[in-house]
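Just below is one structure, and these are the notes that go with it.
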Ligand code: NOJ
């Protein structure tokens with residue numbers, strides 16, 4: 001029957017990735033910001049949770065204008081987070097517990113404080129001038145100065161910043177403090193590939209690669225076409241379609257070279273290294289980033305479709321089918337349900353559905369990425385106006401683009417500041433942290449944390465859930481049902497995405513109930529219930 005055995009799959013296909021947002025995981029220095037020593041202190045928690053790999057958002061030296069996604073030194077550790085010795089301790093502590101560690105590689109742009117950019121902007125003939133993307137202004141008929149094209153930054157406003165000293169504009173797809181590197185320059189490629197080698201040599205197990213589809217721009221930098229669907233009130237980024245500024249064919253060559261480096265380390269050390277590309281594209285174009293068997297690219301281009309689509313059974317069934325169909329034979333699926341950029345799942349779909357969502361994430365075919373705090377069911381967090389920190393909110397206030405609510409600290413126990421810090425944290429905690437914290441949820445067998453642990457345990461015990469085949473089961477209305485199969489094993493997952501009871505799929509009759517999102521048992525699928533049933537052979 002379908003599916004392949006567990007041992008035929010590398011760890012990153014069988015495993016679950018857990019995203020740690022270092023600023024908000026655990027503060028050990030008493031300054032209200034999380035750090036590496038704090039993460040190390042919590043490794044036992046992560047190991048006991050049952051995840052396989054930790055992805056750390058950036059911990060490199062940075063002015064923190066975009067909270068670490070503005071890197072000023074790709075091979076260092078920001079003192080705010082600790083030292084290289086502490087990083088090494090974290091890495092070996094993770095490995096000692098069987099956990100892999102992935103870093104966040106930010107190749108599209110550096111900080112404007114990176115020595116490379118400081119040199120680049122120092123004069124037009126500096127050897128590093130071409131490491132970034134500099135252009136002359138476009139001049140209006142009246143002699144007025146304009147950016148070289150109509151590209152818009154993802155944070156709003158023109159993607160070009162004027163440099164008075166050298167009389168040219170530089171490109172920044174993100175903030176002006178994040179100039180885009182010029183990946184058409186071979187020296188840039190070589191320097192950035194060395195960065196990957198530096199961390200691989202230290203023993204990291206791979207990278208999540210930031211905005212990978214942005215990495216190369218079309219030759220000549222033509223204007224992007226206007227987006228006919230844009231209207232005021234929508235993110236300014238979407239005024240134009242990013243046709244020429246993203247997803248260029250040359251980017252695939254770069255991804256393949258990155259993969260070659262990773263594979264070199266996998267072969268040499270016998271430890272499989274993995275690359276996960278952050279790529280926001282429709283399935284049809286996403287699949288290409290897996291490359292070909294002869295010239296593979298990233299192991300997994302992130303699949304954000306669960307975040308980007310309405311929470312509705314028919315929609316989700318459709319997107320699972322479309323995604324599965326879009327994967328090349330050698331591709332491996334993955335699913336993301338939360339991140340430091342997206343709204344919290346429990347805030348979006350409500351607490352009752354967040355439990356169903358967790359069951360979905362951890363039972364779909366492919367590698368799940370679980371975002372810190374989602375295992376506690378952290379929901380909406382109100383950020384008082386004077387505590388807003390996210391540049392995306394600060395640049396375009398009031399459009400609902402702020403990411404602070406999903407970046408608030410973890411709550412570990414009922415002590416002051418939830419045990420996250422001895423002092424007021426950089427962002428406020430969720431208001432219900434006294435009940436919604438790790439210690440309290442560990443004591444409660446019905447908590448979101450207990451459910452998450454149970455799901456991760458079951459996933460580890462049942463190869464069908466991690467590497468088995470996926471087969472949809474027809475369902476009406478709010479029912480989303482599918483089977484996962486390996487060898488003789490058939491597990492039915494039935495999810496009720498609504499709040500009214502539904503009949504269970506026929507296949508569930510006589511089966512063995514393995515796990516429900518709700519306490520107790522019923523003959524039907526209760527409102528907001530998710531259920532996993534072993535189907536009799
Ligand atoms: C994606 C990251 O996840 C986000 O937090 C960041 O602002 C942008 N890339 C720019 O690096």
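Bear in mind that the values in this text are calculations on the coordinates, not laboratory data. Note that this is a predicted model, so its numbers are computed, not measured. Here the Cβ positions follow ideal geometry from the backbone for every residue, glycine too, while neighbour counts run over all protein chains shown.
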Query raised in the report: In angstroms, what radius of gyration and Dmax does the range 397-453 have, counting Cα atoms only?
Result: 13.1, 41
Requested in this report: May I ask you to sort 56, 458 by Cβ crowding, counting other Cβ atoms within 10 Å and putting the fewest first?
Outcome: 458, 56
**Report entry** Principal axes of the range 119-164: Cα extent on each, largest first, Å
**Finding:** 32, 28, 14
Query raised in the report: Roughly what would the spin-label model give for residue 221 and residue 243, points 7 Å off Cα along C-beta, in nm?
Result: 1.9 nm
Requested in this report: Compute the distance in nm between two label points, each set 7 Å from the Cα along the Cα-to-Cβ direction, one at residue 197 and one at residue 387.
Outcome: 4.6 nm
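Hey, could you get me the Stokes-Einstein D for the chain, Kirkwood radius over alpha-carbon pairs, 10 °C and 1.306 mPa s, rounded to whole µm² s⁻¹? Mind showing how you got there, number by number?
Details: Rh = 24.3 Å.
Translational D for this selection: 65 µm²/s.
Relative contact order (percent) for the range 380-506, with alpha-carbon contacts under 8 angstrom and 6 or more residues of separation?
Working: 165 pairs, mean separation 16.3, N = 127.
Dividing the mean separation by the residue count of the range 380-506 yields 13 percent.
Please work out the FRET efficiency for the pair residue 45 and residue 308, using the Cβ-Cβ distance as r and a Förster radius of 35 Å; give the result to the nearest 0.05.
Numbers: r = 30 Å, r/R0 = 0.86.
Once rounded, the FRET efficiency stands at 0.70.
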Report task. Using a cut-off of under 17 Å, list every residue of the range 316-359 whose amide N is near the label point 7 Å from the Cα of residue 499 along the Cα-to-beta-carbon line. Result -> 346-357
Report summary line: To the nearest 10 degrees, the tilt of helix 448-461 (Cα long axis) against the first principal axis of the alpha carbons of the chain is 80 degrees
Query raised in the report: Ranking 257, 424, 278, 231 by Cβ neighbours within 10 Å, fewest first, what do you get?
Result: 231, 424, 257, 278
Requested in this report: Classify the range 447-537 as rounded, prolate or oblate from the Cα gyration tensor: take a ≥ b ≥ c as the square roots of its eigenvalues, call it rounded if a/c is under 1.5, otherwise prolate when a/b beats b/c and oblate if not.
Outcome: oblate
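Would you mind classifying the range 158-226 by shape? Square roots of the alpha carbon gyration tensor eigenvalues, ordered a ≥ b ≥ c; an a/c under 1.5 is rounded, otherwise it is prolate if a/b is larger than b/c and oblate if not. All intermediate terms of the calculation are to be shown ahead of the outcome.
Working: a/c = 2.27, a/b = 1.88, b/c = 1.21.
Taking the square roots of the gyration eigenvalues as a ≥ b ≥ c, the range 158-226 is prolate.
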Report summary line: Between the Cα axis of helix 313-326 and the main Cα principal axis of the chain, the angle (0 to 90°, nearest 10) is 60 degrees
Query - the range 1-50: relative contact order in percent, alpha carbon pairs under 8 Å with at least 6 residues between - result: 20 percent
Report task. Can you give me the three principal axis dimensions of the range 10-94 from its C-alpha atoms, in Å, biggest first? Result -> 37, 26, 21
Requested in this report: Using only Cα atoms, tell me the angle between helix 351-361 and the longest principal axis of the chain; keep it within 0 to 90° and round to the nearest 10.
Outcome: 80 degrees
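Grab the Cα-Cα distance for residue 488 and residue 261, subtract it from 0.36 nm times how many residues apart they are, and report the gain in nm with one decimal.
Values: separation 227, 0.36 × 227 = 81.72 nm, distance 3.87 nm.
The residue 488-residue 261 span can extend by a further 77.8 nm.
May I ask for the equivalent-ellipsoid semi-axes of the range 172-279, computed as the square root of five times each C-alpha gyration tensor eigenvalue and listed largest first in whole Å? Please list the in-between numbers first.
On the way: eigenvalues 203, 43, 30 Å².
Each semi-axis is √(5λ); the values are 32, 15, 12 Å.
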Query raised in the report: D for the range 284-427, whole µm²/s, Stokes-Einstein with Kirkwood Rh over alpha-carbon pairs at 25 °C and 0.890 mPa s: what number?
Result: 143 µm²/s
Query raised in the report: Distance in nm between label sites at residue 230 and residue 523, each 7 Å beyond Cα in the beta-carbon direction?
Result: 5.8 nm
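Of 9, 146, 430, how do they rank once you tally other Cβ atoms within 10 Å and put the fewest first?
146, 9, 430
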Query raised in the report: Could you state the number of Å between the C-alpha centres of the range 378-450 and the range 46-90?
Result: 20 Å
Query raised in the report: Could you work out the helix-only [θ] at 222 nm for the chain, with each DSSP H run of four or more residues adding -39,500 (n - 2.57) and the total divided by the number of residues, to the nearest 500 deg cm²/dmol?
Result: -7500 deg cm²/dmol
Query raised in the report: Normalised by the number of residues in the chain, what is the relative contact order in percent for Cα pairs under 8 Å and 6+ residues apart?
Result: 14 percent
